[in-house]
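One structure is given below, encoded as structure tokens.
The numbers here are math on the coordinates, done by the rules we state, and not lab data. This structure is a prediction, so every number in the text was calculated from the model and none was measured. Virtual Cβ from ideal backbone geometry, glycine too; neighbours counted across all protein chains shown.
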Amino acid sequence: MVVIAPILTALAASIAAGPTGDPSFICTERGEPSTKESFGTWVGKVYREAQCPGPAHGLRKAGARRAAENGATEAQLDALFGWADGSWESATYTWTTNRARMAREARRTLAPWAQEFRTSETTKPANALAGCCQAFGAQERTRPPAC
């Protein structure tokens, strides 16, 4: 599978500053093209030395999440990250992002109730629960349900 990805400005500057091989732009200390495995080992080592939390793969996941949050489609994520067309990876990121966006938008539908609820007497937990149940059309309860 061919992966065609734009090179970000910061990455282009790093590539320009270091030794490069032909056709590789990531080389070992000896100037030879780096294999995927040796590059992964090197990234993991540098990641640990920098005391970054979590695995180095988290950087790739963060990139996919940010791209999805900025509106990338599943097909765009597949192309950018080298995933197969219709992959579950891209679907996971777009689904999670869409779900979070929908929750934020749905929260606005509660705004009229939230304003009314804030101005009522909600200092006691029973009053707060009763107000919540009334607002959502449920029967009043004198105590919260058992957990």
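If the segment from W95 to A17 were pulled out straight at 0.36 nm per residue, it would be longer than the present Cα-Cα gap by 24.2 nm.
Dipole of region 26-102, Cα-centred, from +1 at each Lys and Arg C-beta and -1 at each Asp and Glu C-beta, to the nearest 20 debye? Each step should come with its number before you reach the end.
Numbers: 10 positive and 9 negative charges, 67 e Å.
Here the size comes out at about 320 debye.
Each principal axis of the Cα atoms in region 55-107 has its own extent, and those three values, largest first, are 35, 26, 16 angstrom.
Scanning residues 5 or more positions from C27 or on other chains, those with amide H under 5 Å from its amide H are S34, with H placed 1.01 Å from N in the peptide plane. Derived from the Cα gyration tensor, the three semi-axes of the equivalent ellipsoid of region 1-105 are 30, 17, 13 Å, largest first. Note on S87 and E32: the model spin-label points, each 7 Å out from Cα along the C-beta direction, lie 2.8 nm apart.
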